[in-house]
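> Below is the structure I would like to discuss, written out as structure tokens.
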Amino acid sequence: MEILTTITNWFATTHLDEQVRSVDYVALFTNPWFLAPFIFAIGSMLYRQRWTQIIVTIIGIGVWYFSGTNYAHSLLVGGEIDINKILPVMAGGAVLLGFVVYLLFGRSD
């Protein structure tokens, strides 16, 4: 339990959640210092035919994009979770998690 408190304190002191929320993704994907290595990584995955890694990367970008939408920001109403809005997110997350586990462990390339 002490390690959980340490991790929580670390997140609070680094303000990591605020930094992730304040990312300007349009500027990020037009910045050549990010875009060149990103394109190189995707190109390398395509060349090596690492379809699982490409799909997991796309899912990660999609989840990151979803976390910045108005729907994701409206999940908390007055400091409490809106159960009608969180259930579809939980179901979608469970399906995505199951799909990623299947990709990583369930099938072979």
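> For region 12-33, what are the residues that are hydrophobic (A, V, I, L, M, F, W, C) and within 16 Å of residue 61 (Cβ to Cβ)?
20, 23, 26, 27, 28, 29
> Now for a different question. Would you check if residue 44 is small (Gly, Ala, Ser) and open to solvent by 80 Å² or more (accessible area, probe 1.4 Å)?
Criteria not met by residue 44.
> Tell me which residues, restricted to region 1-16, are over 17 Å from residue 67 (Cα atoms), in a helix (DSSP H, G or I) and of a type outside the set (D, E, K, R).
Residues of region 1-16 over 17 Å from residue 67 (Cα atoms): 1-14.
From what's left, in a helix (DSSP H, G or I): 2-14.
Across region 1-16, the qualifying residues are 3, 4, 5, 6, 7, 8, 9, 10, 11, 12, 13, 14.
> In region 56-97, what residues are assigned to a helix (DSSP H, G or I), open to solvent by less than 90 Å² (accessible area, probe 1.4 Å) and of a type in the set (Val, Ile, Thr)?
Result: 56, 57, 59, 61, 63, 86, 89.
> A further question follows. For region 77-98, indicate whether the set of residues that are of a type outside the set (A, V, I, L, M, F, W, C), out of contact with any Gly (no Cβ under 7 Å at 6 or more places or on another chain) and touching a residue at least 40 places away in the same chain (Cβ under 8 Å) is non-empty.
No, that holds for no residue.
> Same structure, new question: Of the conditions (1) open to solvent by 90 Å² or more (accessible area, probe 1.4 Å); (2) part of a helix (DSSP H, G or I), residue 49 satisfies every one except a single condition; which number is it?
It is condition (2) that residue 49 fails.
> If you take the residues in region 12-33 that are within 17 Å of the chain's Cα centre (by Cα) and among the aromatic types (Phe, Trp, Tyr), which one is modelled with the lowest pLDDT? Show your work before the answer.
Looking only at region 12-33, we keep the residues that are within 17 Å of the chain's Cα centre (by Cα), and these are 16-26, 28-29.
Still in the list and also among the aromatic types (Phe, Trp, Tyr): 25, 29.
On the way: 25: 75, 29: 80.
Result: 25.
> In region 6-16, is there at least one residue being in contact (Cβ under 8 Å) with a residue 40 or more places away in the chain, surrounded by 11 or more Cβ atoms within 10 Å (Cβ to Cβ) and within 25 Å of residue 90 (Cα to Cα)?
no
> Among the residues of region 17-40, write down those that are in a helix (DSSP H, G or I) and either on the phi > 0 side of the Ramachandran plot or open to solvent by less than 70 Å² (accessible area, probe 1.4 Å) (or both).
Result: 27, 28, 34, 35, 36, 38.
The values are calculated or read from the model by the stated rules, or taken from the named source; none is laboratory data. Quick caveat: nothing in here was measured; it's all calculated off a predicted structure. Because the Cβ atoms are built from the backbone with ideal geometry, glycine has one as well, and the counts that use them run over all protein chains shown. Surface accessibility is based on the protein's heavy atoms, side chains included, excluding ligands, DNA and RNA. Shrake-Rupley method; radii C 1.70, N 1.55, O 1.52, S 1.80 Å.
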